[in-house]
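A.B. asks: Got a structure for you, questions after.
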Amino acid sequence: MMRLTQSAVPLIWSFLLLMAISLGVAGGLFAAYLRDLPTLDALEEYRPSLVTTLYSDHDEPFATFFEQKRIWVALSKIPNHLINGIIAVEDVQFYRHRGINFRGIARALLANVRALRPVEGGSSITQQLAKVLFLTPEKNLSRKIKEALLAIEIEKHYSKDKILELYLNQVYFGHGAYGVESAAQTYFKKSVDQLNLAETATLAGLPRAPNYYSPIIDKERALRRRNHVLARMLDSGFITNEQAAQASTVSFDESLFVRTRNLAPYFVEHIRQSLEEKYGTHAVYHGGLKIYTTLNIPMQRSADDALIGGLRETDKARGFRPIRHTPSTGQASGRVSTSYRAPKAGEILTGTVTKVLPRAITIHVGRYQGEIVLEKVDWLDASQTDKQFQPGMEVKVQVLKVHEGNKRLDLSLEQDPDIEGALLALDPRDGGIKAMVGGYDFERSKFNRALQARRQPGSAFKPFVYASAFDRGLTPSTIIEDSPVSYVIPVDGKRIQWKPGNYDRKFRGPTTLRYGLEHSINVIAVKLIERVGVDTVINVAHDMGIASELRREYALALGVSEVTLSEMVSSFGVLARLGMRSTPYAIRQVMDNKGAILEQHIPESRRVMKEETAFILTNVLKGVVERGTGSRARVLGRPIAAKTGTTQEATDAWFVGYTPSLVAGVWVGYDTKRSLGPHESSATLAVPIWTRFMQQVLKETPPEDFTAPENVVPVLVNYMSGLPTTPDDKNAIKEFFLQGTEPRRIEARATNPATENLLQFQR
């Protein structure tokens, strides 16, 4: 026995030596890993990438800039149900271990062996935080060792609540959302402190596999994961049986994910460019800035509805245009969502024609079949259906009704217009931009036609000419002869005769300035600019807000110089404000993520026109709506001053109008200049869009008229002659004059036969 023991001594020594060597190697590796670990000083200086948020004029958030969509929230603002749900499903021993959850590792190992695949992780919350903050995502032994060592170090230096706060604001929840606040807004359209138990359990189940368990991708799988979290919370004593049972019956609201346009994309892009120029890209996408803008959300939605709807209606009147042809597979385009959820009523989607029948077209939209009843599409030539549609063709459709039981859809035919447009609205009292639509579709074209497009304004420029005239003593009753005239002008190095003509190719003889502007008579405007001087008009236009270069020629009166919609709207704002100009602006205030004010806009106004001139011109422009070329806007039933503008060959259609508190302008045209059609004008294209917008935004606002200055006097005059008249005159109107310039002679009615039929001529 002794000999046997003695023979075992070398083995024992060999074993001990091997253990010593192993421990030495392990110690060396441990020391090496310690030296290679990131310093926790970085955690002290940690500044997470935060979302920059844009707020409306009523401080409502409506857009964000981010690289990682993260909104930091204190632990105290996070519901206990969400905290407990995360702990229950990710690390139930969180408040008991010192960085590494050995029980969790063992449980996960057993679960994975049973399932023969990875179904559960064993990393503690602290380990997950260490990985996210300091390590790369690759899966290997080296990273796991570093992760564990870092977790132990983090636990030595920080409280459990601090670790949990960092984790809950850092972890990824899917669909671009980092942190619980961003996740709550992404999935439930509410702040995290407003979530109920079912919603918090849904979020708690996401960090393990955000895309796999996303309710947006797979509703049923997400609900099963949610119920698993509830069961774990129940087992851990965080909730009662009653709470778990009630929460497990709650379904997921699919309506939260109806595809909608981003609000004000052209406005948002304008803000982004301005911020990047001033603060840099990093601050915009990582700094968590708070940008308080001038945008009014209801007005913006009304602007979208008016312009987009108006362009669609205009385009439909020109007939059907197919999108493009694809192989006849009977399947929908890849641009159509194939997710679990049903299309929603009101959505406009792309579908694929499967059958063309005499009275209907069958359409495949994702996993749904739909039908367009041809007799209900009043803008489609039903007799040409077999020539216009073929199986496999892609078409735009609007969902009218969803029959979920049999996966059927009631559809209407739609199409994206190739015509473009823009709408801009601002408050003339301070210059704040309230709504901006720079085109039909931001995704189709990011070119902002409200700010960047320079186009000829046509007759919409005439108010600048009339303002110059009224400022120099002329009145609405001043007579100018509407008769043929010619001018010798230089063109391409040659001198030619230019004969301006009127829209209807008629001449009216002696005509008042009021009638000339209301009915947009070209000859009157040209003779007027000749009388007051081109330079005078240019100076007035620049003072009012036209920054673009203007041509020094008589044709300027007809709007031949290119300007932007924003310049026109801003300039008309001077008239709405009775001569005071406020520079347009979009940002009220910028704050950093600590609440410090980086900039604040203080509106400033300066007088650029006599109050009397602005009021008299405004009163004449009210006549454009009451009797003139803008009469389609008369349905608003309130004081409106405005001017139409249609360029030569109808390449551009404009309408700019205002009340004392709101000025808005609409432009319609093609990006590549071409005629809008032989019978089109601002009255048929721009005015209806403008009117639709104003009807929506002013419906709750009482009518408001413009206040006359003290030294402006009203006089009852004959509409045709501009001379004083009596109340029994059928053509009597109330005209305003600067005191001392009013006409004196009383006449019951116009005596010039040439003026008796003026009312029949309207542009």
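The values are calculated or read from the model by the stated rules, or taken from the named source; none is laboratory data. Since the structure is predicted, the reported quantities are computational estimates derived from the model, not experimental observations. Don't worry about glycine lacking a Cβ; one is built from the backbone with ideal geometry, like all the others, and counts go over all protein chains shown.
A.B. asks: Do you know which residues across the range 511-544 are surrounded by 23 or more Cβ atoms within 10 Å (Cβ to Cβ) and either touching a Cys at 6+ places or on another chain (Cβ under 7 Å) or not β-branched (Val, Ile, Thr) (or both)?
C.D. replies: Passing the criteria: Leu513, Arg514, Tyr515, Gly516, Leu517, Glu518, His519, Ser520, Ala525, Leu528, Ala541, Met544.
A.B. asks: For the condition in contact with a Lys or Arg (Cβ under 8 Å, 6 or more places away or on another chain) and among the hydroxyl-bearing types (Ser, Thr, Tyr), what is the one hit in Ser675, Ser681?
C.D. replies: Ser681
A.B. asks: Let me ask something else about it. Of all residues in the range 427-470, how many are touching a Gly at 6+ places or on another chain (Cβ under 6 Å), buried (at least 24 other Cβ atoms within 10 Å of the Cβ) and more than 22 Å from Asp315 (Cβ to Cβ)?
C.D. replies: Residues meeting the conditions: 5.
A.B. asks: Okay, next question. Of all residues in the range 224-233, count the ones that are farther than 12 Å from Arg208 by Cβ and either among the charged types (D, E, K, R) or buried (at least 20 other Cβ atoms within 10 Å of the Cβ) (or both).
C.D. replies: Going through the range 224-233 one residue at a time, the tally reaches 4.
A.B. asks: Next question, about the same structure. Being modelled with pLDDT of 90 or more, among the hydroxyl-bearing types (Ser, Thr, Tyr), buried (at least 23 other Cβ atoms within 10 Å of the Cβ) and under 26 Å from the mean Cα position of the chain (by Cα) narrows it down to one of Tyr187, Tyr178, so name that one.
C.D. replies: After ruling out the rest, the residue left standing is Tyr187.
A quick yes/no check of all residues on (1) under 21 Å from the mean Cα position of the chain (by Cα); (2) surrounded by fewer than 16 Cβ atoms within 10 Å (Cβ to Cβ):
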position	(1), (2)
Ala209	no, yes
Ser214	no, no
Asp218	no, no
Asp235	no, yes
Ile239	no, no
Ala247	no, no
His270	yes, no
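A.B. asks: Kindly state which strands (runs of 3 or more DSSP E) lie completely within the range 582-695 and contain at least 2 residues that are hydroxyl-bearing (Ser, Thr, Tyr) and buried (at least 18 other Cβ atoms within 10 Å of the Cβ).
C.D. replies: Output list reads 641-646.
A.B. asks: Checking Asp378 against (1) touching a residue at least 40 places away in the same chain (Cβ under 8 Å); (2) part of a loop (DSSP other than H, G, I, E, B), only one condition comes out false. Which one?
C.D. replies: Checking Asp378 against (1) touching a residue at least 40 places away in the same chain (Cβ under 8 Å); (2) part of a loop (DSSP other than H, G, I, E, B), the one that fails is (1).
A.B. asks: If Ser445 passes every condition in (1) assigned to a loop (DSSP other than H, G, I, E, B); (2) more than 19 Å from the chain's Cα centre (by Cα) but one, which one does it miss?
C.D. replies: The one condition Ser445 does not meet is (2).
A.B. asks: Note down all Cβ pairs under 7 Å where the first residue falls in the range 140-164 and is among the small types (Gly, Ala, Ser), the second is modelled with pLDDT of 70 or more and buried (at least 19 other Cβ atoms within 10 Å of the Cβ), and they're at least six residues apart or on different chains.
C.D. replies: So the pair list comes out as Ala148/Ile100; Ala148/Gln127; Ala151/Gly99; Ala151/Ile100; Ala151/Ser124; Ala151/Thr126; Ala151/Gln127; Ala151/Ala130.
A.B. asks: Within the group Thr701, Thr707, which residue is within 25 Å of Lys434 (Cα to Cα) and more than 32 Å from the chain's Cα centre (by Cα)?
C.D. replies: Residue meeting the stated conditions: Thr707.
A.B. asks: Tell me whether the range 706-713 contains one or more residues that are without any contact (Cβ under 8 Å) to a residue 60 or more places away in the chain, at positive phi and of a type in the set (Asp, Glu).
C.D. replies: no
A.B. asks: Can I ask one more? Specify the residue that is surrounded by the fewest Cβ atoms within 10 Å (Cβ to Cβ); the eligible residues are those in the range 400-426 that are of a type in the set (D, E, K, R) and in a strand (DSSP E or B).
C.D. replies: Lys401
A.B. asks: Restrict the check to the range 460-470 and report whether at least one residue is in contact (Cβ under 8 Å) with a residue 40 or more places away in the chain, out of contact with any Asp or Glu (no Cβ under 8 Å at 6 or more places or on another chain), more than 28 Å from Glu518 (Cβ to Cβ) and not small (Gly, Ala, Ser).
C.D. replies: There is no residue in the range 460-470 that is in contact (Cβ under 8 Å) with a residue 40 or more places away in the chain, out of contact with any Asp or Glu (no Cβ under 8 Å at 6 or more places or on another chain), more than 28 Å from Glu518 (Cβ to Cβ) and not small (Gly, Ala, Ser).
A.B. asks: Does Gly104 qualify as being touching a Ser or Thr at 6+ places or on another chain (Cβ under 7 Å), modelled with pLDDT under 75, assigned by TED's automatic domain parsing to the domain that holds Pro210 and closer than 21 Å to Ala209 by Cα?
C.D. replies: It is true that Gly104 is touching a Ser or Thr at 6+ places or on another chain (Cβ under 7 Å), modelled with pLDDT under 75, assigned by TED's automatic domain parsing to the domain that holds Pro210 and closer than 21 Å to Ala209 by Cα.
A.B. asks: Identify the single condition in (1) among the hydrophobic types (A, V, I, L, M, F, W, C); (2) surrounded by fewer than 16 Cβ atoms within 10 Å (Cβ to Cβ); (3) in contact (Cβ under 8 Å) with a residue 12 or more places away in the chain that Val397 does not satisfy, given that it satisfies every other one.
C.D. replies: All conditions are met except number (2).
A.B. asks: Please work out if Ser468 is closer than 14 Å to Leu617 by Cβ, assigned by TED's automatic domain parsing to the domain that holds Lys610, modelled with pLDDT of 95 or more and of a type in the set (Ser, Thr, Tyr).
C.D. replies: yes
A.B. asks: When you check Val250 against the structure, is it aliphatic (A, V, I, L, M) and either touching a His at 6+ places or on another chain (Cβ under 9 Å) or modelled with pLDDT under 95 (or both), yes or no?
C.D. replies: Against the criterion (aliphatic (A, V, I, L, M) and either touching a His at 6+ places or on another chain (Cβ under 9 Å) or modelled with pLDDT under 95 (or both)), Val250 qualifies.
A.B. asks: Lys139: modelled with pLDDT under 70 and surrounded by fewer than 17 Cβ atoms within 10 Å (Cβ to Cβ), yes or no?
C.D. replies: For Lys139, the condition - modelled with pLDDT under 70 and surrounded by fewer than 17 Cβ atoms within 10 Å (Cβ to Cβ) - is met.
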